[in-house]
Structure formats: C-alpha cells, structure tokens
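Here is the structure we will look at.
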Amino acid sequence: MGREVTTRAHLGLDSSKGKAHLESTSLRFSGDFRFNVPFDQMTNVKANDGVLSFQARSEEHTSELQSHHD
C-alpha cells in the first residue's frame, strides 16, 4: 500500500473526513463516501496551500490535506 493522509474530501455537494491513499496508479479515498480514481482519468489537477483539486468522471474532487501517516 502507498502513502496515506487524513483529509476532508469534497465531491460535488458531499463532504467527508477520511483517509486518502496514494497508490501506484490511483488515488483512493475512504470516509462517509468512497472513490478510487486512476491518475490517467484526472484532469485539471491543482495543489495549492494544502488543497488538492482535480476533475474526474465529470465531477470536481477536492481534498484538504492535513496530517501524514507512514
């Protein structure tokens, strides 16, 4: 398994605290909702002041990155 971080993710109007897992080919989130997005499906990827945002499957994803776990 790859790196893991605690985050608050926003997907459309939904928001949830959970864990984001950086895998070798995708970003996976598990909290009140889940998603697994392959890197090759991400567009408009931006990182600014601890916030990661990207488009995938016609949806806007945003994650507020907070603390790292090894």
**OP:** Scan region 3-27 for residues that are without any contact (Cβ under 8 Å) to a residue 60 or more places away in the chain and loosely packed, with under 12 Cβ neighbours inside 10 Å and jot them down.
**Re:** Gly12, Leu13, Asp14, Ser24, Thr25
Original post:
Condition test on Ser63, is it touching a residue at least 40 places away in the same chain (Cβ under 8 Å) and within 10 Å of the chain's Cα centre (by Cα)?
Top reply: yes
Original post:
Of everything in region 57-70 that's touching a Ser or Thr at 6+ places or on another chain (Cβ under 7 Å) and of a type in the set (Gly, Ala, Ser), which residue is modelled with the lowest pLDDT?
Top reply: Ser67
**OP:** Tell me, please, whether a residue that is among the acidic types (Asp, Glu), open to solvent by 30 Å² or more (accessible area, probe 1.4 Å) and at pLDDT below 95 can be found in region 29-43.
**Re:** no
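The values are calculated or read from the model by the stated rules, or taken from the named source; none is laboratory data. On a predicted model such as this, the values are computed, not experimentally measured, just so you know. Every residue, glycine as well, gets a Cβ built from its backbone with ideal geometry; the counts of neighbours run over all protein chains shown. Surface areas here come from the heavy atoms of the whole protein model, side chains and all, with no ligands, DNA or RNA. Shrake-Rupley method; radii C 1.70, N 1.55, O 1.52, S 1.80 Å.
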